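Working notes, structure below.
The values are calculated or read from the model by the stated rules, or taken from the named source; none is laboratory data. All of these numbers come straight from a predicted model, not from anything done at the bench. With ideal geometry, Cβ positions are generated from the backbone for all residues, glycine too; neighbour counts draw on all protein chains shown. Surface accessibility is based on the protein's heavy atoms, side chains included, excluding ligands, DNA and RNA. Shrake-Rupley method; radii C 1.70, N 1.55, O 1.52, S 1.80 Å.
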Amino acid sequence: MLFLCFLISDIPRDVKEITLRFMKVLKFGGSSIGTPERIRSVKKIIEAESLPCVAVVSAFEGVTDSLKKTSELASLHNPGYGNSLDELYSRHISFAKDLLTGQNLDIALKKIEEFFDELKEILNGIFLVRELSKYSLDKVLSAGERISALIISLFFDRCILIDTREIIKTDDNFGNAAVDFESSSKLIRERIIGKNNLYCVPGFISSTSTGETTTLGRGGSDYTAAIIAAAVNAVALEIWTDTDGFMTADPKKVEKAYAIRSLTYSEAIELSHFGAKVIYTPSLRPVYKKQIPVYVKNSFNPKSEGTVISEKSTNGTISPIKGISSIDHIDLITLQGTAMVGVTGTSMRLFGALANKNINIVLITQASSEYSITFAIDPQYTKQASEAINLEFSREITYSRELNVLIEHDLSIIAIVGEKMKNTPGISAILFRSLARNGISVIATAQGSSELNISVVIRNENLKRALNAIHDGFFLSRYKELHLFLAGTGNVGSSLIKQLRKQHDILLKDHNLKLNLVGLINSRHMLLDSKFIPLDKCTEMLSSKGEKSDIGLFISRMAKLNLRNSVFIDCTADARVGAIYGDVLEKYVSIVAANKIACSSDYSYYGKLKALANERGVRFMYETTVGAGLPIIKTINDLVVSGDRILKIEAVLSGTLNFIFNTISPEIPLSSAIRMAKEKGISEPDPRIDLSGKDVVRKIMILSREAGYPVEEKDVIVKKFLPESCFKGSLASFYEKVRELDPAFERERRELEQSHRKWRFYAIMDQGKASVELITVDSSHPSYNLEGSNNIVLLTTERYRELPMVIKGYGAGADVTAAGVFADIMRVVNV
């Protein structure tokens, strides 16, 4: 075997570039080294590497923020800065004692003491002059990375510590210095090439040519690692963070977000620019120029594949986009007016004025008419930008009044990114349809000719809902979610909860549908939770944790939760709940109602609700308002939509009254039959609503309206079968009065039985004229054999003129009504 020995300096430059491809640069963020235990995990990652490595480290988690806060306290002449500094000192001493022993510990303790003596001196000066310059702040902030790198380098075996200020040179733009790549690359190669297998370097910090400390901006540790990787022509740059790589969306806002396996440099730059905080955007420039792949990995889950960023990527999904990113807070400034039309140089003046103030522009969009230019900036620079624009265009704004400056606040930007968007039709359609279906207006939009991204500006309050809606629109999620707000925990509401609980896992497994109960209200309490309320404990939690019931406040909070795919379910008989349907639909929330009041109130309100649902693109479902689970309303709608015309409706619509009249016998008088109906949950909570005929009136009104007739309550002729006195006073007095009528009803019942006839409380609508009354029918009548609480509806139409269409079945009871409500919920899903 032949061994060759030579000096690195003797290797020709082109050969040296190839040789250096056998070094790797790894950057570890603050969360990755946030505790001594985390640092031990990082050491294992390093030890597993077979190549020489440069470990670039951030300050320990939270230290940079604490140093900045301490500096601000000192600038405010607040002596409390000393306590804050002492806490930082104690934390770093604790880290050193936990990780180090012997001589290494002695070295660390001595150096930490020196670092904090230096900090005390700087902070005391800030305290005395009551001013915090960027120059001073850079000196203070640099301590975080310098101390963490010291401790970690001593903890690692045979590791060389290099002060980054000696190898990365910048200008004197303190706080966000620009790198001198030529001189920095030379210094890096001189210090790192071929001298050791492991180096530890503090990220974020640098220095001017005269040795003054500078910083590279928040996220600068990524930049440090990229600069070094490019200088040594590394085989790879690894960014170790606390996520599994770039995600399809921010997982804090979109629970269904998942890791993206590969991105191109361009895709990663776009996602980072528009808010993906996985990597600092400028970091990609140096590695892109050298075609060095970047691996974003999770130090908390080292076995995860992470995301690789390179020249080419594979698209692991059928979606044409790779990811969705967002900037939470931006302001939108628009310069508009006739002074811009056909005038050259306006854009140059505008952006030149902003550049002179070092104001970064996030997004630009311009009308083709040249009448306006709109751009987005960080809100902290809005005042400065406005002043710069007003100064530059003072003549056009103040004197000729041909220009206006408009500023909009509380906005967010969402960008969808992917190289496969190019030449793929329908991308914009999916984006805007996803937003429109969830009631989200787009304020501004921008798309480059490269078709690499489409950006939209929306209200900040809609950000989370918009991200989830777009994510569902583009990515094939494992399941679809529906967020339910339930009003009413009586017989129907309780039965619905049981059915939801029983079907929850089945729907998720077999239909990829996840139902989340997020709001619950009854007459006493209300409870809302943005995640979910457990179905098996919801009623108990409502009683124990719920606050005082207020339907208006409940709807307001429902709107503030801003959850996509939301459904408000009304299982009450409360007029106050029915009165707020308009507010619910206005918020782009679908409604499923078992409550008849809204649809049988003034025809104008009924029409308004239908129109509003159509306008907002949401569903207003109320099948169970008539016939419980029977498909009566749906059938009428299908007939009308298909061009048929409803001429006449005849029906037994009260399952309660049918149950009562079928139950009356020599052993069970009228009063007892009424009580039985209530106990079985067949009647309304107050059975007088059924016995007065009011419930049937409401139902025939709803059916008439669905058939196309604008019937009002006053138009329905009602013939009551109980004296008016029965409906006055308390419920207890009602039962007393009915008991007095038992003998008379029994006599009449015997007469009907002898003549083979039966009672039926019948509703008729004929050409828009409606009536309800108690009739007797013989065995030839379709309703004669109607058992229990069943309903029957006969529809005479232009197509079914000779032989009416008959719909017959169980038409009352909590379970069947709840089942009908459940079916309506499923129809909302399948829009």
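Return the distance in nm (one decimal) between the two label points of a simple spin-label model at Glu712 and Ile107, each offset 7 Å from Cα along Cα→Cβ.
Label at Glu712, label at Ile107, 9.3 nm between them.
Tell me the per residue accessible area of the chain using a 1.4 Å probe; a whole number in Å² is fine. Intermediate values should be presented prior to the final figure.
Numbers: 37760 Å² over 831 residues.
On a per-residue basis, 45 Å².
With just the Cα atoms defining each centre, how far is the stretch 724-742 from the stretch 469-547? Give it in Å.
40 Å
Dipole of the chain (Lys/Arg Cβ +1, Asp/Glu Cβ -1, origin at the Cα centre): which of Thr625, Phe181, Ala259 lies farthest to the positive side?
Of the options given, the answer is Thr625.
Quick one: length gained pulling Met826 to Gln384 fully straight, 0.36 nm per residue minus the C-alpha distance? List each step's numbers first, then the result.
Values: separation 442, 0.36 × 442 = 159.12 nm, distance 5.23 nm.
Residue separation times 0.36 nm, minus the Cα-Cα distance, leaves 153.9 nm.
Could you state the number of Å between the C-alpha centres of the stretch 668-690 and the stretch 607-636?
Between the Cα centres of the stretch 607-636 and the stretch 668-690 lies a distance of 28 Å.
Once the piece of chain linking Gln336 and Asn785 is laid out straight, how much longer is it, given 0.36 nm per residue of separation minus the C-alpha distance between them?
Working: separation 449, 0.36 × 449 = 161.64 nm, distance 7.54 nm.
Gain on extension, Gln336 to Asn785, equals 154.1 nm.
Given the chain, what percent of its DSSP beta bridges are antiparallel, to the nearest 5? The partial results should precede the final answer.
Numbers: 70 of 119 bridges.
Bridges in the chain that DSSP calls antiparallel: roughly 60 percent.
Quick one: what do you get for the stretch 527-588 if you divide its Cα Rg by 2.2 N^0.38 Å?
On the way: Rg = 12.1 Å, N = 62, 2.2 N^0.38 = 10.6 Å.
Output field value: 1.15.
Based on the alpha-carbon set only, what is the convex hull volume of the stretch 228-294 divided per residue, in Å³?
On the way: hull volume 5.6 nm³, N = 67.
Hull volume over Cα atoms, normalised by residue count, gives 83 Å³.
Let me spell out the model: positive unit charges on the Cβ of Lys and Arg, negative unit charges on the Cβ of Asp and Glu, origin at the Cα centre of the chain. What dipole size does that give, in debye rounded to 20?
Details: 102 positive and 98 negative charges, 239 e Å.
That gives the chain a dipole magnitude of about 1140 debye.
Taking Rh as the Kirkwood radius, which is the inverse of the mean 1/r over Cα pairs, what is the Rg/Rh value for the chain? Can you show the working numbers first?
Working: Rg = 36.7 Å, Rh = 32.5 Å.
On the Cα set of the chain, Rg over Rh gives 1.13.
If you take the C-alpha gyration tensor of the stretch 260-365, multiply each eigenvalue by 5 and take the square root, what semi-axes do you get, largest first, in whole Å?
On the way: eigenvalues 256, 46, 40 Å².
Value: 36, 15, 14 Å, ordered largest first.
Is the shape of the stretch 684-779 best called rounded, prolate or oblate, per the rule: a/c under 1.5 gives rounded, else a/b larger than b/c gives prolate, else oblate, with a ≥ b ≥ c the square roots of the Cα gyration tensor eigenvalues? Each step should come with its number before you reach the end.
Values: a/c = 2.95, a/b = 1.33, b/c = 2.22.
Oblate.
Of the listed pairs Lys277/Lys322; Lys139/Lys357; Lys24/Lys97; Lys27/Lys312; Lys44/Lys297; Lys252/Lys537, which have alpha-carbon separations greater than 21 Å here?
Details: Lys277/Lys322 16 Å; Lys139/Lys357 24 Å; Lys24/Lys97 30 Å; Lys27/Lys312 23 Å; Lys44/Lys297 14 Å; Lys252/Lys537 26 Å.
Those over the limit are Lys139/Lys357; Lys24/Lys97; Lys27/Lys312; Lys252/Lys537.
Hey, can you rank 267-273, 544-550 by average C-beta count inside 10 Å, highest first? If you can, show how the numbers build up before the last one.
Values: 267-273: 25.0, 544-550: 12.7.
Ranking, from highest mean packing down: 267-273, 544-550.
Against the longest alpha carbon principal axis of the chain, how many degrees, from 0 to 90 and to the nearest 10, is the axis of helix 382-392 turned?
Approximately 70 degrees, to the nearest ten.
Largest first, how would Phe181, Phe115 line up by accessible area (1.4 Å probe)? If you can, show how the numbers build up before the last one.
Details: Phe181 60, Phe115 25 Å².
Reading off the accessible areas and sorting them downward yields Phe181, Phe115.
Taking 8 Å as the Cα distance limit and 6 or more residues as the minimum spacing, I'd like the relative contact order of the chain as a percentage.
8 percent.
Give the long-range amide H neighbours of Glu451: residues separated by 5 or more places, or on another chain, with amide H under 5 Å away, using H modelled in the peptide plane at 1.01 Å from N.
Distant-sequence amide H within range of Glu451: zero hits.
Could you give each residue of the stretch 627-639 its phi-based ³J(HN,Hα) in whole Hz, using Karplus coefficients 6.51, -1.76, 1.60 with θ = phi - 60°, and x for Gly or Pro?
x, 6, x, 6, x, 7, 4, 4, 5, 4, 4, 5, 5
In whole Å, what is the distance between the alpha-carbon centres of the stretch 437-467 and the stretch 777-831?
Using only Cα atoms to place each centre, the spacing works out to 46 Å.
What Rg and what Dmax come out for the stretch 604-721 when only alpha-carbon atoms are used, in angstroms?
16.6, 56
Show me the ranking of peptides 91-104, 210-223 by mean Cβ neighbours inside 10 Å, starting with the highest. Let's see the in-between values first.
Numbers: 91-104: 15.4, 210-223: 20.9.
Top of the packing list down: 210-223, 91-104.
Which percent of the accessible heavy-atom area of the chain goes to carbon and sulfur, probe 1.4 angstrom?
Values: 19020 of 37760 Å².
Carbon with sulfur: 50 percent of the solvent-accessible area.
Reachable lysines from Lys587, Cα under 18 Å, same-chain residues fewer than 8 places away excluded?
The reachable lysines, counting only those whose Cα sits under 18 Å from Lys587, are Lys464, Lys560, Lys608, Lys610.
Roughly how tilted is helix 603-616, in degrees to the nearest 10 and between 0 and 90, from the longest Cα axis of the chain?
30 degrees
Which length gain, in nm to one decimal place, applies between Leu553 and Asn404 when the Cα-Cα distance is subtracted from 0.36 nm times their residue separation?
Working: separation 149, 0.36 × 149 = 53.64 nm, distance 3.98 nm.
Net length gain for the segment: 49.7 nm.
Which percent of Cα-Cα pairs in the stretch 392-535 sits in each 10 Å bin, short to long?
Percent of Cα pairs in each bin: 9, 26, 24, 21, 11, 6, 3, 0.
Give the shape of the stretch 125-256 as rounded, prolate or oblate, defined through the alpha-carbon gyration tensor: a ≥ b ≥ c are the square roots of its eigenvalues, a/c under 1.5 means rounded, and otherwise the shape is prolate if a/b is larger than b/c and oblate if not. List each step's numbers first, then the result.
Values: a/c = 1.58, a/b = 1.08, b/c = 1.46.
Because a/c hits 1.5 or more and a/b fails to exceed b/c, the stretch 125-256 counts as oblate.
For Cys200, what residues show an amide H to amide H distance below 5 Å, using hydrogens built from the backbone and excluding near sequence neighbours?
Those qualifying (amide H under 5 Å, at least 5 residues apart or on another chain) are Ala55, Ile160, Leu161, Ile162.
Could you pull the accessible area for Asp65 with a 1.4 Å probe, rounded to 10 Å²?
The accessible area comes out at roughly 90 Å².
Per the Debye formula with a single identical scatterer at each Cα and no solvent contribution, what log10 I(q)/I(0) holds for the stretch 255-321 at q = 0.18, 0.24, 0.29 Å⁻¹?
-0.70, -1.20, -1.46
List the residues, sorted by chain then number, that are 5 or more residues from Thr214 or on another chain and whose placed amide H is less than 5 Å from its amide H.
Amide H neighbours of Thr214, under 5 Å, 5+ apart: Ser206, Ser207, Thr208.
So what's the angle, to the nearest 10 degrees on a 0 to 90 scale, between helix 134-155 and the longest Cα principal axis of the chain?
For 134-155 against the chain, the angle is about 90 degrees.
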